[in-house]
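First the structure, in the form of structure tokens, and then the observations on it.
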Amino acid sequence: MTRESISTGEGSKSGLSIGQMSELTGVSRRMLRHWEEEGLISPFRDQSNYRHYLQDDVVQLERIVTYREMGFNVRQIKALLNCKAPLALDELQGQRSRIEEKIQLLRKATDRLDRLITLAEGKSGNDSAATKTDQEDQYFSEAYERWGTSRQWLEYAERKAMCSEQEQKKDTARLKNVESELAQAKRKGLPPSSDKVLELIDEHRLALSWFHVTPSMHVILGRMYVADPRFRSHYEQLEPGLAQWMLVAIETVARANGIDPSTAKWE
């Protein structure tokens, strides 16, 4: 069925049936009925109430499809079909502005998605070269090797992809502040089982904001702070013996949460 067949007499002499119209235009029957209900198109009805689409209906439908592909809704299309060029031009320019805004949002979403994919794959190449260090690259690679297949790694990638550099700096500052308070507490001679220290240990766990750290996971991280020379050195510089002292406090919090530190799992 072609558009020319409507005017040359091929097919039904009284126009196209809804099935023929759908085949000609690629618009589904359901959508043709919907647009008729909305008053966008008005096919002729015979005595048996069958629809017949004439040449003018095809032209009208082409206009409807054109505006629909440009993102206009039914209400807007109905107005455009019946207004003069100056008013239509205002609406078209407004729609272009709206589409441009959506494009910008989609570009931003695409950039974040690319960033998320890169991080989820264990690559950190998109980090700012001005702020990234070789040590941070090494930590990142080791973390991916250890936890890259875990749910927490994807959670970490999601957060890092969504957070701005300023937000990441804020997270880092928060962790440093808690570490400093823990060092001061040990320096003052507070036992790792004291209420104040246990409160700070919980703050420390929450400050590890790259992903949700459970008390059980905190135990495993605490052991890493003691076993890994780099982490141990970091805490030793804050206060001698801090890593081991923190581990005792972390395990105390774990027991209070019904977790046996000796069987703690990454979950």
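The values are calculated or read from the model by the stated rules, or taken from the named source; none is laboratory data. Predicted, not measured: the structure shown is a model, and the values here were computed from it. Please note: Cβ atoms are built from the backbone with ideal geometry, for glycine as well, and neighbour counts cover all protein chains shown.
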- Quick check: anything in the range 153-173 in contact with a Lys or Arg (Cβ under 6 Å, 6 or more places away or on another chain) and either in the same structural domain as A109 (by TED's automatic domain parsing) or in a helix (DSSP H, G or I) (or both)? yes
- Query: How do the pairs read when you match residues in the range 59-88 that are over 19 Å from E23 (Cβ atoms) with residues anywhere that are part of a helix (DSSP H, G or I) and of a type in the set (G, A, S), using Cβ under 7 Å and keeping only pairs 6 or more apart or on different chains?
  - Reply: L80/A88
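Need a quick list: helices (runs of 4 or more DSSP H) entirely within the range 188-267 having at least 3 residues that are under 26 Å from L154 (Cα atoms) and out of contact with any Gly (no Cβ under 8 Å at 6 or more places or on another chain).
On the way: elements: 195-207, 215-227, 229-238, 242-256.
Correct list: 195-207, 215-227.
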- Any idea how many residues of the range 50-109 are under 23 Å from W35 (Cα atoms), acidic (D, E) and surrounded by fewer than 15 Cβ atoms within 10 Å (Cβ to Cβ)? 3
- Item | Answer from G11, G15, G39 - the residue that is modelled with pLDDT under 95 and exposed (fewer than 15 other Cβ atoms within 10 Å of the Cβ) | G39
- Query: Condition test on E199, is it among the charged types (D, E, K, R), crowded, with 18+ Cβ neighbours inside 10 Å and on the phi < 0 side of the Ramachandran plot?
  - Reply: no
- Query: at pLDDT 90 or above, among the charged types (D, E, K, R) and surrounded by 12 or more Cβ atoms within 10 Å (Cβ to Cβ), is that true of D114?
  - Reply: yes
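Among R98, R63, R107, which is basic (K, R) and in the same structural domain as L40 (by TED's automatic domain parsing)? Talk me through it step by step, then tell me what you get.
Values: R98 fails: in the same structural domain as L40 (by TED's automatic domain parsing); R107 fails: in the same structural domain as L40 (by TED's automatic domain parsing).
Answer to the selection: R63.
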- Could you tell me which numbered condition Y144 fails, if it satisfies all but one of (1) modelled with pLDDT of 90 or more; (2) surrounded by 13 or more Cβ atoms within 10 Å (Cβ to Cβ); (3) outside the structural domain of R205 (by TED's automatic domain parsing)? (1)
